[in-house]
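A quick write-up on the structure given underneath.
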């Protein structure tokens, strides 16, 4: 037998409306009275108290109509109930984040690989040079994630060439061997030492980079 709960049952007294629904209702309101709009879109509004609440809701939507129209025509926000103002609750100003985005694009156009750590360090370096940035900005991992999401950036693996066939490998080995022989003749060397590059490869830069999300190649 299920244990009784202390939670009150839902009464479904309140409804939420997306930006697209708000836009449709306001368009209908332009050519109809408020009472007709309530009867058309707010079924079950029988009490005067509830109707007064709907009147206030329509007035609030009319006041916010520019914002509603912008979000209703955007494929990303039209199904949302509310949006947060750009830059609200962020540690860096929009100007600073635009500077960081341009820096990323400039570095990537030069073929540089950028890790999240490099982005965080550069953000810490440039933040003091812009006004109105939060003094407690620390370029945390959560900030990097939010910055990349809001600027359509992603952590991508670098595009590599496909593996060579055995025939191509044999040709490359032969060409390298000939190059070594030519260098030995040029510099008069009679002994060649093999250099262990394990340590260099161990410390090499990551094969991932911050890049535009959706790019076909990185």
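The values are calculated or read from the model by the stated rules, or taken from the named source; none is laboratory data. Model, not experiment: these values are computed from the prediction. Every residue, glycine among them, receives a Cβ derived from its backbone with ideal geometry; neighbour counts consider all protein chains shown.
What to note about this one:
- Enumeration of residues in segment 117-133 that are loosely packed, with under 14 Cβ neighbours inside 10 Å and within 21 Å of the chain's Cα centre (by Cα): 117, 121, 124
- The number of residues in segment 104-116 being loosely packed, with under 15 Cβ neighbours inside 10 Å and more than 17 Å from the chain's Cα centre (by Cα) comes to 5.
- Residue check for residue 90: outside any helix (DSSP H, G or I), on the phi < 0 side of the Ramachandran plot and at pLDDT below 85: yes
- Residues within segment 157-173 that are at pLDDT 85 or above and either closer than 25 Å to residue 111 by Cβ or in contact with a helix residue (DSSP H, G or I) (Cβ under 9 Å, 6 or more places away or on another chain) (or both), tallied: 1
- Set 61, 101: member being surrounded by 14 or more Cβ atoms within 10 Å (Cβ to Cβ) and either in contact with a strand residue (DSSP E or B) (Cβ under 9 Å, 6 or more places away or on another chain) or within 30 Å of residue 208 (Cα to Cα) (or both): 101
- So residue 121, is it within 30 Å of residue 91 (Cα to Cα), part of a loop (DSSP other than H, G, I, E, B) and modelled with pLDDT of 85 or more: no
- Matching residues, segment 41-53, being part of a helix (DSSP H, G or I) and within 17 Å of residue 18 (Cβ to Cβ): 41
- Test: residue in segment 127-149 that is in contact (Cβ under 8 Å) with a residue 60 or more places away in the chain and assigned to a helix (DSSP H, G or I): yes
Every residue, every condition in (1) over 20 Å from residue 213 (Cα atoms); (2) out of contact with any strand residue (DSSP E or B) (no Cβ under 7 Å at 6 or more places or on another chain), yes or no:
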site: 24; (1), (2): yes, yes
site: 29; (1), (2): yes, yes
site: 40; (1), (2): yes, yes
site: 49; (1), (2): yes, yes
site: 82; (1), (2): yes, yes
site: 106; (1), (2): no, yes
site: 114; (1), (2): no, no
site: 134; (1), (2): yes, yes
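- Counted residues, segment 7-21 - those being under 17 Å from residue 51 (Cα atoms) and either at pLDDT 90 or above or surrounded by 12 or more Cβ atoms within 10 Å (Cβ to Cβ) (or both): 1
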